[in-house]
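J.: Quick one: the structure is below, questions incoming.
The values are calculated or read from the model by the stated rules, or taken from the named source; none is laboratory data. Remember, predicted model here, so these are calculated numbers, not experimental data. For neighbour counting, all protein chains shown are included, and Cβ atoms are generated from backbone atoms with ideal geometry for every residue, glycine included. These accessible areas exclude ligands, DNA and RNA; they are computed on the full protein's heavy atoms, side chains included. Shrake-Rupley method; radii C 1.70, N 1.55, O 1.52, S 1.80 Å.
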Amino acid sequence: MNWYLGKIIFRIICGEGQHTPQFDEQLRLIHAKDEDEAFQKALAIGEREQDGFYNHDQKLVQWKFINVAELYRLSGLLDGAEMYSRIQETDDPEAYIDLANRRANHIRISSTHKILNLL
């Protein structure tokens with residue numbers, strides 16, 4: 001079994017989404033036998049952790065899973081731990097989503113990812 005670091009991206013939508021588009025980029029630890037399994041587990045985490053709630057103005061706030069944009073093999077740590085989260089605002093949400101999907105597709109077809117050795 002190996003450890004992987006995956007970047008899982010969510011889009012944050014408040015109400016009708018009439019605001020500057022926001023994205024939450026989270027780095028997650030994944031424990032898997034190989035890169036394919038790690039990618040599938042990262043996808044499952046993203047799907048499972050989509051969320052929604054009503055804010056103080058009774059507007060629905062949603063975290064919608066976009067894709068897994070990066071995946072790196074690591075030395076061992078804790079499975080599923082959130083390592084990093086960043087809210088990204090952009091004026092071109094379609095371009096942002098397209099880039100995340102292209103990165104995910106590259107992970108699916110490529111087996112040449114960097115190995116990060118943490119000291």
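J.: For I8, indicate whether it is part of a strand (DSSP E or B), under 20 Å from I107 (Cα atoms) and in contact (Cβ under 8 Å) with a residue 60 or more places away in the chain.
T.: Yes: the conditions hold for I8.
J.: Cβ-Cβ distance below 7 Å, separation of 6 or more or different chains: which pairs start in segment 42-70 with a residue that is open to solvent by 50 Å² or more (accessible area, probe 1.4 Å) and end on one that is among the charged types (D, E, K, R)?
T.: Correct list of pairs: Q50/K64; W63/D24; W63/D51; K64/R11.
J.: For segment 31-41, which positions are in contact with a helix residue (DSSP H, G or I) (Cβ under 9 Å, 6 or more places away or on another chain) and open to solvent by 20 Å² or more (accessible area, probe 1.4 Å)?
T.: H31, E35, D36 - these are the residues of segment 31-41 that are in contact with a helix residue (DSSP H, G or I) (Cβ under 9 Å, 6 or more places away or on another chain) and open to solvent by 20 Å² or more (accessible area, probe 1.4 Å).
J.: While we're looking at this one, here's another question. Determine the pairs where a residue that is within 16 Å of N55 (Cβ to Cβ) and in a strand (DSSP E or B), located within segment 13-40, has a partner that is open to solvent by 30 Å² or more (accessible area, probe 1.4 Å) and among the aliphatic types (A, V, I, L, M) with Cβ atoms under 6 Å apart, the partner being 6 or more residues away or on another chain.
T.: Q22/I87; D24/I87
J.: Let me ask another. Would you confirm whether any residue within segment 32-51 is among the polar types (S, T, N, Q) and at pLDDT below 95?
T.: No, every residue in segment 32-51 fails to be among the polar types (S, T, N, Q) and at pLDDT below 95.
J.: If I go through segment 1-30 residue by residue, how many of them are charged (D, E, K, R), open to solvent by 20 Å² or more (accessible area, probe 1.4 Å) and farther than 15 Å from A95 by Cα? Steps first, please.
T.: If we filter segment 1-30 for residues that are charged (D, E, K, R), which is where we start, we get 7, 11, 16, 24-25, 28.
Now narrow it down to the ones that are open to solvent by 20 Å² or more (accessible area, probe 1.4 Å): 7, 11, 16.
Retained after the next criterion (residues that are farther than 15 Å from A95 by Cα): 7, 16.
Matching residues across segment 1-30 total 2.
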